[in-house]
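Shown next, in structure tokens, is the structure this report addresses.
Any read-out appearing in this document is the output of simple, stated calculations on the displayed coordinates, not a laboratory observation. Note that the coordinates shown come from a computational prediction; the quantities given were computed from them, not determined experimentally. Don't worry about glycine lacking a Cβ; one is built from the backbone with ideal geometry, like all the others, and counts go over all protein chains shown.
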Amino acid sequence: MFIFSQMFIRLVIALGLGALLGLERELVGKEAGTRTEMLVCAGAAMFSMIALSLPYIISAETGNLTEVIAGNGGFLQIIANIVVGIGFLGAGLIIKTDERARGITTAASVWTTAAIGVMVGIGMIEFAVVAAFLIVALLYLLRKMDIADRIEKISQKDVR
């Protein structure tokens, strides 16, 4: 069971990592920016902490934590449903035009931010921090390398 200070620290870390990921999206003018990514990361962390706390809350009435966990693993479905819920949110960010689909990277960023939030919520904080910084660095470097535009130019030459 978490104590208040643990939950608070995890929430603050999730908000910070979400802000980091969202800032990258916002600086390039994408739909889901700092506020969205902060909320996604914090929400995923909170739902994860709820999922991990439920067996303790339920067992307070019965007095048998082992029995509660063995008889009901449904609390872990809360974490699984974060993935599904964020998938719907991400799908709303993708727009199909005549030329191509737009918003896929932003949708993937929101999905990844939720995963980082889950990691923070379940206590994998060090890995979450490393993952967030690595993802931001990769998004930045790949944007600077302009790989998508290079591929598009090559494919247009092949069509002609």
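Sort 116-123, 43-50, 21-28 by packing, meaning the average of other beta carbons within 10 Å per residue, with the highest value first.
116-123, 43-50, 21-28
Based on other C-beta atoms within 10 Å, arrange Ile151, Ile3 from fewest to most.
Placing the least packed residue first, the sequence is Ile3, Ile151.
If you average the C-alpha positions of the stretch 117-134 and of the stretch 1-39 separately, how far apart do those two centres end up, in angstrom?
The distance from the Cα centre of the stretch 117-134 to that of the stretch 1-39 comes to 11 Å.
Among Ser53, Ser109, what is the fewest-to-most ranking by other Cβ atoms within 10 Å?
Listing Ser53, Ser109 from fewest to most nearby Cβ atoms yields Ser53, Ser109.
Give the peptides 8-16, 93-101, 126-134, 139-147 in descending order of average Cβ contacts within 10 Å, highest first.
8-16, 126-134, 139-147, 93-101
Grab the other residues whose beta carbon is less than 11 angstrom from that of Leu17, score K and R as +1, D and E as -1, and report the net.
For residues surrounding Leu17, the net value is 0.
Taking the chain on its own, what percent of its Cα-Cα pair distances exceed 19 Å?
When all Cα pairs of the chain are counted, 60 percent exceed 19 Å.
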